[in-house]
Amino acid sequence: MGQKEITEPVLILDDMGNPLNFGWARSPFFSYDSSLLTAPRRLVSESDRYIFFSSTHLIITEVLDDGYLGYVGMSVVSLRDKKRSTQYWTIPFPLGCFGLPENSDEGQVKLDAKKYYLNFAAMEGGIRIVKVDIRRFGHHQSVRGQLVFTPPPGAESLVTNMPWREKKQAFRCSRRSPCYIVEGVILFGAQELIFTRGNSWGIYEWNRGVRPRKDVRFWAAANGRSGDRQAGFSVGYDSADSTLGTENAFFLDGVIHKLDQVTFQISPSNWLLPWRFTSNDNRLEMTFTPHQERIEKRQMFFNYLTRRQVFGFFSGKVILDDGSDFHFQSLTGFAERRRTQL
């Protein structure tokens with residue numbers, strides 16, 4: 001059975017809360033309605049994440065509601081040296097209190113607390129605005145600013161809806177959009193980080209679903225300019241059943257070139273050695289040159305989350321849908337492994 005492309009709006013939950021309509025799409029055709037969920041709220045996982053970068057810095061802002069364990073925060077990674085700063089706040093028992101939108105094309109995530117202010121807003125025309133204001137960040141610095149994420153004309157997204165084998169109520173609906181152009185300014189302590197059109201890029205990730213008690217997920221993504229084209233990709237896998245739609249695609253000028261399964265080849269003894277990525281359809285050959293990594297561990301009672309992120313640059317070759325080769329060099333991005341257990 002091959003991958004199934006969904007080309008019109010569909011529901012992903014029936015009236016009994018069971019997931020259905022698995023596959024992948026180029027637009028957010030999957031309709032998520034949390035009121036139909038019958039699984040325990042502690043197993044519901046929802047998250048929004050924005051990654052943006054220039055030639056000097058990569059920044060991640062994110063919100064996660066993972067049942068008993070939640071967090072809010074951001075990381076600032078220097079691409080010129082090995083410096084990075086991270087500030088996350090663990091939120092016990094969020095259980096839906098963040099009010100994350102059910103539609104990835106609409107609404108906003110607005111979190112205003114004493115220590116932080118985050119606002120992710122979806123606007124008309126696919127534009128997104130990210131605002132941050134963190135009074136004390138890392139080494140007693142502050143972070144504040146506003147970024148505008150603009151997609152190229154006709155931009156597509158890789159949207160997947162996948163079940164878990166032998167887990168009747170478990171599923172994950174995800175949207176990955178590694179194709180944004182970013183503009184704006186972030187004041188990071190005494191530094192002014194400037195993001196300008198044509199030199200700064202963004203990735204948007206949106207996840208909603210019911211997770212199994214244990215999972216290990218790998219994901220890598222990048223975006224940027226290669227020659228006179230805008231190129232990006234999203235590749236990954238976990239224990240979910242991706243038979244009807246993998247999370248793998250290459251983006252050229254915002255248009256998807258769909259891939260099948262992608263294998264991550266990582267040195268088990270040193271993740272800072274070069275990685276290699278290949279696809280079973282022989283359409284992708286790619287190397288990843290790591291620059292630095294960060295490891296985080298979080299726990300709330302019996303809910304564990306560990307994540308290992310590696311930042312760096314991707315180069316390689318992909319065969320496009322028309323059969324032509326496209327070579328790309330030094331796309332900025334990251335790769336990660338995320339383990340969860342409840």
- Within region 294-310, is even one residue closer than 25 Å to S200 by Cβ and either in a loop (DSSP other than H, G, I, E, B) or among the aromatic types (F, W, Y) (or both)? no
- Query: What are the pairs, 6+ residues apart or on separate chains, where a residue within region 84-99 that is in contact (Cβ under 8 Å) with a residue 40 or more places away in the chain has its Cβ under 7 Å from a residue that is in a loop (DSSP other than H, G, I, E, B) and hydroxyl-bearing (S, T, Y)?
  - Reply: F93/Y68
- Task: Evaluate region 242-257: report whether one residue or more is out of contact with any Gly (no Cβ under 9 Å at 6 or more places or on another chain) and within 28 Å of T86 (Cβ to Cβ).
- Result: no
- Single condition G254 does not satisfy, out of (1) more than 17 Å from the chain's Cα centre (by Cα); (2) surrounded by fewer than 23 Cβ atoms within 10 Å (Cβ to Cβ): (1)
- Task: Tell me, please, whether a residue that is farther than 23 Å from Q87 by Cα, basic (K, R) and out of contact with any Leu (no Cβ under 9 Å at 6 or more places or on another chain) can be found in region 178-200.
- Result: yes
- Query: So, in region 163-172, of the ones that are touching a strand residue (DSSP E or B) at 6+ places or on another chain (Cβ under 9 Å) and surrounded by fewer than 24 Cβ atoms within 10 Å (Cβ to Cβ), which residue ends up nearest to L100 (Cα to Cα)?
  - Reply: R172
- Any residue in region 33-56 that is assigned to a strand (DSSP E or B) and surrounded by fewer than 18 Cβ atoms within 10 Å (Cβ to Cβ)? yes
- Item | region 1-32, residues that are closer than 14 Å to F171 by Cα and either buried (at least 18 other Cβ atoms within 10 Å of the Cβ) or touching a strand residue (DSSP E or B) at 6+ places or on another chain (Cβ under 6 Å) (or both) | L11, I12, L13, P19, N21, F22, G23, W24, F30, S31, Y32
- Query: So which residues in region 34-57 are over 24 Å from I91 (Cβ atoms) and either among the hydroxyl-bearing types (S, T, Y) or in contact (Cβ under 8 Å) with a residue 40 or more places away in the chain (or both)?
  - Reply: T38, F53, S54, S55, T56, H57
- Query: Out of F149, F137, which single residue is closer than 30 Å to T7 by Cβ, touching a Phe, Trp or Tyr at 6+ places or on another chain (Cβ under 9 Å), buried (at least 20 other Cβ atoms within 10 Å of the Cβ) and not acidic (D, E)?
  - Reply: F149
- Query: Of the residues that make up region 246-267, is at least one of a type outside the set (V, I, T), closer than 14 Å to V310 by Cβ and not in a strand (DSSP E or B)?
  - Reply: yes
- Query: Residue check: is V185 part of a strand (DSSP E or B), out of contact with any helix residue (DSSP H, G or I) (no Cβ under 6 Å at 6 or more places or on another chain) and free of Cβ contacts under 8 Å to residues at least 60 places away in the same chain?
  - Reply: yes
- Query: Which condition number does E285 fail, the rest of (1) over 24 Å from G202 (Cβ atoms); (2) modelled with pLDDT of 95 or more; (3) not in a strand (DSSP E or B) being met?
  - Reply: (3)
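The values are calculated or read from the model by the stated rules, or taken from the named source; none is laboratory data. All figures in this text were calculated on a predicted structure; none of them were measured in a lab. Backbone-built Cβ (ideal geometry, glycine too); neighbour counts: all protein chains shown.
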